[in-house]
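Trainee: So that we are looking at the same thing, I have put the structure below in structure tokens.
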Amino acid sequence: MSGGVPPSSRARGRARGRNDLERAADLYERFTGHDVSQGQRVQVPELPRVAAVIGECDGLLYTTVRDGKTERYIHKFRKADKPLLCVAPDGRQILLVGGRYRFTEAGIVDDSDKKHAHLV
């Protein structure tokens, strides 16, 4: 993701907010450029206590709407920053465990990405 993603209309630096809900809303608004009222609430399932490690996650592909425009993104993790791709014992939940990255107003930014270090 890092490298050529322009900021949304609401990008403004570090996350603001006192609690997790406020911080999540702020991150959503800074990344998408949309009011959080346009966001989708999801119930996060309970995390499994154990998981099978499948391997390293080389990258992610995702589609989202930013500033009213549908965008498709590909993020290739740098070698030093790759998380592990794991699955729950029942095979119904995929997890990214570990890794050295952050999700910012510019999307996924690897910690070793010196060009975008100000976002991490």
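Only the coordinates and a few stated rules stand behind these numbers; no lab work does. Only a predicted model underlies this, so the values are computations on that prediction, with no experimental measurement involved. Glycine also receives a Cβ, built like all others from the backbone with ideal geometry; neighbour counts cover every protein chain displayed.
Trainee: Where the eigenvalues come from the Cα gyration tensor of the range 20-119, what are the semi-axes √(5λ) of the equivalent ellipsoid, largest first, in whole Å? Could the numbers behind the result be given before it?
Mentor: Working: eigenvalues 118, 77, 32 Å².
Rounded to whole Å, the semi-axes are 24, 20, 13.
Trainee: Please find the FRET efficiency linking TYR62 to ASN19, where r is the Cβ-Cβ separation and R0 is fixed at 30 Å, and quote it to the nearest 0.05.
Mentor: The pair TYR62/ASN19 has a calculated efficiency of 0.70.
Trainee: Further, regarding this structure: Calculate, in nm to one decimal, what GLU71 and ASP90 gain on full extension: separation in residues at 0.36 nm each, minus their alpha carbon distance. List each step's numbers first, then the result.
Mentor: Working: separation 19, 0.36 × 19 = 6.84 nm, distance 3.22 nm.
Result: 3.6 nm gained on full extension.
Trainee: First select every other residue whose beta carbon is under 15 angstrom from the beta carbon of ALA52; then total the charges, Lys and Arg +1, Asp and Glu -1.
Mentor: Every neighbour counted, the sum reads 0.
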